[in-house]
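Just below is one structure, and these are the notes that go with it.
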Amino acid sequence: MNNVYLINGSIYHLVSFELDKIIKEDYNIVNINYNSNMREVLNEANYFSLDSSIKVIIVKNCDVFNSKNDDDSELLNKYLEDPNKSSILIFICDGVDSRKKIVKTIKEKYCYIELPKIDYKNIYTFITDYLNKYKYSIEFKASGYLVNVLGLNLDMIYNELDKLML
């Protein structure tokens with residue numbers, strides 16, 4: 001089991017699918033919206049859960065992996081040398097500078113997940129795969145209409161597909 005995850009992507013549904021793969025039902029979940037204070041995040045990660053279950057800390061909008069904030073990077077590097085075994089730290093960000101030391105460390109020792117970019121070549125695959133998961137299908141002309149109306153906004157497309165499946 002990995003204790004640290006870095007998810008690089010901004011599409012809500014794809015991030016949610018990845019979180020569902022990581023998080024089990026009996027985990028305690030703590031959501032933190034990162035506001036440039038890594039000390040709070042790491043203090044939460046170092047606390048032990050009272051009921052001895054695994055604690056998951058989800059840190060959204062974390063800019064440590066693509067900014068020049070070296071103090072927070074050093075704090076996180078220090079934590080990654082010996083992370084708390086009873087907590088899972090999940091960072092969600094949009095854009096990663098793969099030259100940074102902290103990103104290289106996570107790629108080597110922990111789990112790095114890069115979500116695919118959406119373009120007009122693969123949007124139809126996402127639509128058909130999403131519907132196939134629920135045993136539905138769609139004609140290419142209808143999926144083309146969705147893409148023409150909603151563009152490449154996969155979250156809005158998934159919401160419309162959910163409505164159609166109802």
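The values are calculated or read from the model by the stated rules, or taken from the named source; none is laboratory data. Just so it is clear, the model here is predicted, and its values are computed rather than measured. Positions of Cβ are generated from backbone atoms using ideal geometry, with glycine treated the same way; all protein chains shown enter the neighbour counts. These accessible areas exclude ligands, DNA and RNA; they are computed on the full protein's heavy atoms, side chains included. Shrake-Rupley method; radii C 1.70, N 1.55, O 1.52, S 1.80 Å.
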Roughly speaking, what is the stretch gain from residue 133 to residue 25, that is 0.36 nm per residue apart minus the C-alpha to C-alpha distance, in nm to one decimal?
36.8 nm
The FRET efficiency for residue 60 and residue 125, from their Cβ-Cβ distance with R0 = 30 Å and rounded to 0.05, is 0.65
Taking K and R as +1 and D and E as -1, what net charge do the other residues with C-beta under 14 Å from the C-beta of residue 155 add up to?
-2
Only sites in a loop by DSSP and with at most 11 other Cβ atoms within 10 Å count here; which trypsin sites (Lys or Arg not before Pro) in region 57-166 make the cut?
68, 85, 99, 117, 121, 135
Find me the longest stretch of the chain that has none of the exposed GluC sites (Glu not before Pro), where exposed means in a DSSP loop (not H, G, I, E or B) with at most 10 other Cβ atoms within 10 Å.
26-138
Straight-line reach from residue 85: which aspartates and glutamates have a Cα under 17 Å away, not including same-chain ones fewer than 8 places off?
26, 44, 51
Among (1) 0.96; (2) 1.04; (3) 0.92, the entry matching Rg/Rh (Cα atoms, Kirkwood Rh) as calculated here is (2)
Gained length - residue 40 relative to residue 162, 0.36 nm times residue gap less alpha-carbon distance:
40.2 nm
Just to be sure I understand the model, the point goes 7 Å from the Cα along the line to the Cβ. What's the resulting residue 145 to residue 50 distance in nm?
5.4 nm
Positive-end residue, the chain charge dipole about Cα centroid, Cβ charges, pick of 128, 13, 166:
128
How would 10, 73 line up by accessible area, probe 1.4 Å, largest first?
10, 73
